[in-house]
Amino acid sequence: MATAPAVSAKTDFDAVVVGAGFAGLVMLHRLRGIGTTARVFETGSGIGGTWFWNRYPGARCDIESLEYSYQFSEELQWEWEWTERYATQPEILRYIEHVADRFDLRRDIQLDTRVRAAHWSDAEGRWKIATERGDVTARFLIMATGCLSSANIPAFPGRDSFAGKTYHTGRWPHGGVDFTGQRVAVIGTGSSAIQSIPLIAEQAAHLTVFQRTPSYSIPAHNAPLAPETVRVVKSDYAGFRQRNAQQPFGANFPPNMVLALQTDATERDRVYEQRWQIGGLGFITSFADLLFDRNANETAAEFVRAKIRAIVRDPAVAEKLSPKQVIGCKRLCVDTGYFATFNRPNVSLVDVSETPIEAITPRGVRVAGVEHEVDAIVFATGYDAMTGALLAVDIRGSGGRTLREKWAAGPRTYLGVQTAGFPNLFVITGPGSPSVLANMVPAVEQHANWIADCLAYRRDHGIARIDPQPAAEDAWVGHVNDVANLTVFPSCNSWYLGANVPGKPRVFMPYIGFPTYVAKCDEVAAKGYEGFALS
Ligand code: N01
């Protein structure tokens, strides 16, 4: 295992950044750009965040690689060569490592160091930060801990009694896992499962998939990047980025302003078929009303169900794999051969929607009194999304109030970057920002830029403390909810709502609409950080 590189023994910083993934690295780069001293703390033994931890078979991004990358350096954009339409985890990690080296970031990153607590001192106007390897202080604390980093392994009875090996997709062993000859259980059928199941099935003697909710999945049609595609994008990378930033999800999902319900069935299916052949998440923008009107949505949902029925030979299995919730309400998945995997003789599907998993036993997984014996269990059970990693740190703001207490009924932020009563604490892609409903790399970059600009402004204006005004925060929380309620998003049990974690408050966490959001952030900054108390 790599050890942390030598960092200085300094313990007082202008800023401490928690997390060395995409967000932490660009934040560090921007902080340096405004002359701010910073230290990044990272729990892992390497940089990369999500792309350091998620090494499960088939892990790759489902935003196209030419977009899933930084844009702060024109040279970097030009010189890096992506090889496939959707980059694999190793390729993305190589890219992140390249960025760290190219911009000399590592000397301010301390690896193998979990931040345990951060307490604001009203008297000193600083954060006192306790890490596993000593205490530091900082005027600003920036949480770059990721939206999907706090692994969720449900508390199945007997979970720890299993005699074989267990894995979580987000904590995959670095040396890989050889399932050859093994009977394997995969619990969960979200994006991570959908990417890994086809590859695990190829290796395992038998694979049993435990499904609580079927997912809609669109084929990736992954392929090597055509030199001509790269040439066209690189000839105007800035324009490509600018156009994508104007799309609702901040990504190049070709918009179609036509309404599904005003289109006849034959033409509708032609459009869906065309999008299916293109592949990827852009299926959801096939028509403009899919995320706003349940009847429109049903036309897309039924198209995908028909595809599942055409791919999966056993009609009973096809029926079980066919989602009933509205499409897009849970995160859409992108796959390579997922549904066809269920035609393999060594793959079986256990529906646990009505008869939940009763227990993990020493020999396997018990459902409805039947013990499914396996040698290994893969928990593809997702994350305590958006708030899990933040609440895992004992964060206490003004007057010693804990973040956990403040967010007991759900997260509350202004613009998703700050929460009132926690001065000088910033969150990158926090709840209340587009984050998981945007192309994540441009989203983190937009936040890093905004935060750096804000810190430069406060320096130039002699401001020591920045904290949202409670009224501005209340209005923003209301607005985030109002926008969500215009859509079909809140209509099912998704992790966007915290519904996958028992006991988590049911609150729609991301803000829908990247361009509107960016415009609002720019407007707030232009008005001297309207809605923030500066002192
Ligand atoms: O996690 P998930 P994920 N009993 O939460 C099931 C991003 N991502 O790691 O739907 C039985 O989606 C749960 O069932 P249900 C992407 O944003 C991106 O797959 O809650 N089952 C579900 O099927 C994605 O959305 C990429 O009923 C239980 C599964 O476990 C996000 O990360 C790749 C259960 C969890 O699915 C998370 O994806 C991977 C229980 N008690 C991930 N509890 C790409 O870029 C949970 N489940 C391609």
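Among the residues making up the range 376-406, those that are of a type in the set (A, V, I, L, M) and part of a strand (DSSP E or B) are 376, 377, 378, 395.
Can you work out which of the residues in the range 359-384 that are within 23 Å of residue 172 (Cβ to Cβ) and of a type in the set (D, E, K, R) is nearest to the ligand (Cβ to nearest atom)? The qualifying residue nearest to the ligand (Cβ to nearest atom) is 384.
On inspection, residue 138 passes the criterion of being crowded, with 21+ Cβ neighbours inside 10 Å and either among the acidic types (Asp, Glu) or not in a helix (DSSP H, G or I) (or both).
Among the residues examined, residue 229 does not qualify as outside any helix (DSSP H, G or I), at negative phi, assigned by TED's automatic domain parsing to the domain that holds residue 325 and among the β-branched types (Val, Ile, Thr).
Out of all the residues in the range 440-459, is one or more assigned to a helix (DSSP H, G or I) and over 25 Å from residue 73 (Cβ atoms)? Among the residues of the range 440-459, at least one is assigned to a helix (DSSP H, G or I) and over 25 Å from residue 73 (Cβ atoms), which makes the answer yes. Scoring residue 149 on the criteria (1) in contact with a Pro (Cβ under 8 Å, 6 or more places away or on another chain); (2) within 16 Å of the ligand (Cβ to nearest atom) leaves a single failure, condition (1). Taking the condition of being farther than 20 Å from residue 194 by Cα and in contact with an Asp or Glu (Cβ under 9 Å, 6 or more places away or on another chain), how many residues in the range 74-85 meet it? Going through the range 74-85 one residue at a time, the tally reaches 2.
From the list 131, 229, which one is hydroxyl-bearing (Ser, Thr, Tyr), within 30 Å of residue 453 (Cα to Cα) and away from the ligand (no atom under 16 Å from the Cβ)?
131 is the lone residue from the list that is hydroxyl-bearing (Ser, Thr, Tyr), within 30 Å of residue 453 (Cα to Cα) and away from the ligand (no atom under 16 Å from the Cβ).
Restricting attention to the range 308-355, the residues being within 30 Å of residue 439 (Cα to Cα), buried (at least 19 other Cβ atoms within 10 Å of the Cβ) and away from the ligand (no atom under 16 Å from the Cβ) number 0.
Yes/no matrix, rows are residues, columns are (1) within 25 Å of residue 252 (Cβ to Cβ); (2) under 23 Å from the mean Cα position of the chain (by Cα):
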site	(1), (2)
490	no, yes
496	yes, yes
509	yes, yes
513	yes, yes
535	no, no
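Please state which one of 409, 392 is out of contact with any strand residue (DSSP E or B) (no Cβ under 6 Å at 6 or more places or on another chain), touching a residue at least 12 places away in the same chain (Cβ under 8 Å), under 23 Å from residue 192 (Cβ atoms) and more than 11 Å from the ligand (Cβ to nearest atom). Selected residue: 392, the only one of 409, 392 that is out of contact with any strand residue (DSSP E or B) (no Cβ under 6 Å at 6 or more places or on another chain), touching a residue at least 12 places away in the same chain (Cβ under 8 Å), under 23 Å from residue 192 (Cβ atoms) and more than 11 Å from the ligand (Cβ to nearest atom). The set of residues in the range 478-495 that are buried (at least 20 other Cβ atoms within 10 Å of the Cβ) and within 9 Å of the ligand (Cβ to nearest atom) comprises 494, 495.
The values are calculated or read from the model by the stated rules, or taken from the named source; none is laboratory data. Every value quoted in this text rests on a predicted model; they were computed, and no experiment measured them. So basically every Cβ, Gly included, is an ideal-geometry build from the backbone, and we count neighbours across all protein chains shown.
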